[in-house]
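Working notes, beginning with the structure itself.
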Amino acid sequence: MIAQIGLTVLLLWVIAYAWAEYRRAPLIGTVAVLVAAAGLYFVWLPAHASWLAAFVGIGRGVDLILYVWLVISLTMFLDLHLKLRSQTEVITALAREIAIANSLSERSPGVE
């Protein structure tokens, strides 16, 4: 019972945070709310997780939850990696533009 209450508090915090961030990232906010709501459902009705796991061919409900968590985590890591790579490319392009602008402004007075 203590674990259920602790997990409920954490999942409710995730729902509140996702709801607050919904305007900045609607897709992420919606998915986070849905996943946390499913988490709440399975925290309070763990037998349903076992039934769903057996239905899809996985031995235990906790294994199903871990597999889904792994897929979600890997998807998030991939998304973060791609965003970081994109930001690095933008920063590199900006640094080149600044370097070119600085070199042109330094050479301009001498050319006249």
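Does at least one position in region 71-83 carry a residue that is outside the structural domain of Val35 (by TED's automatic domain parsing), in contact (Cβ under 8 Å) with a residue 24 or more places away in the chain, under 26 Å from the mean Cα position of the chain (by Cα) and part of a helix (DSSP H, G or I)?
Checking region 71-83: at least one residue is outside the structural domain of Val35 (by TED's automatic domain parsing), in contact (Cβ under 8 Å) with a residue 24 or more places away in the chain, under 26 Å from the mean Cα position of the chain (by Cα) and part of a helix (DSSP H, G or I).
When region 4-32 is examined, which residues are found to be touching a helix residue (DSSP H, G or I) at 6+ places or on another chain (Cβ under 7 Å), in contact (Cβ under 8 Å) with a residue 12 or more places away in the chain and either over 15 Å from Val68 (Cα atoms) or among the hydroxyl-bearing types (Ser, Thr, Tyr) (or both)? Full working, then the answer.
Just the residues of region 4-32 that are touching a helix residue (DSSP H, G or I) at 6+ places or on another chain (Cβ under 7 Å), to begin with: 4, 7-8, 11, 14-15, 18-19, 21-22, 29, 32.
With in contact (Cβ under 8 Å) with a residue 12 or more places away in the chain added as a condition, the list becomes 4, 7-8, 11, 14-15, 18-19, 32.
Hits for region 4-32 are Gln4, Leu7, Thr8, Leu11, Val14, Ile15, Ala18, Trp19.
Hey, could you check region 22-62 for residues that are surrounded by 13 or more Cβ atoms within 10 Å (Cβ to Cβ) and touching a Phe, Trp or Tyr at 6+ places or on another chain (Cβ under 8 Å) and say which is farthest from Gly6 (Cα to Cα)?
The selected residue is Ile58.
Collect the residues in region 38-52 that are among the aliphatic types (A, V, I, L, M) and over 21 Å from the mean Cα position of the chain (by Cα), keeping them in residue-number order. Outline the logic, then answer.
As a first pass, look at region 38-52 and keep what is among the aliphatic types (A, V, I, L, M): 38, 40, 43, 45, 47, 49, 52.
Hits for region 38-52 are Val43, Leu45, Ala47, Ala49, Leu52.
The values are calculated or read from the model by the stated rules, or taken from the named source; none is laboratory data. In this text the structure is predicted, and so the values were computed from the model without any measurement. Note that we place each Cβ from the backbone using ideal geometry, even for glycine, and neighbour counts take in every protein chain shown.
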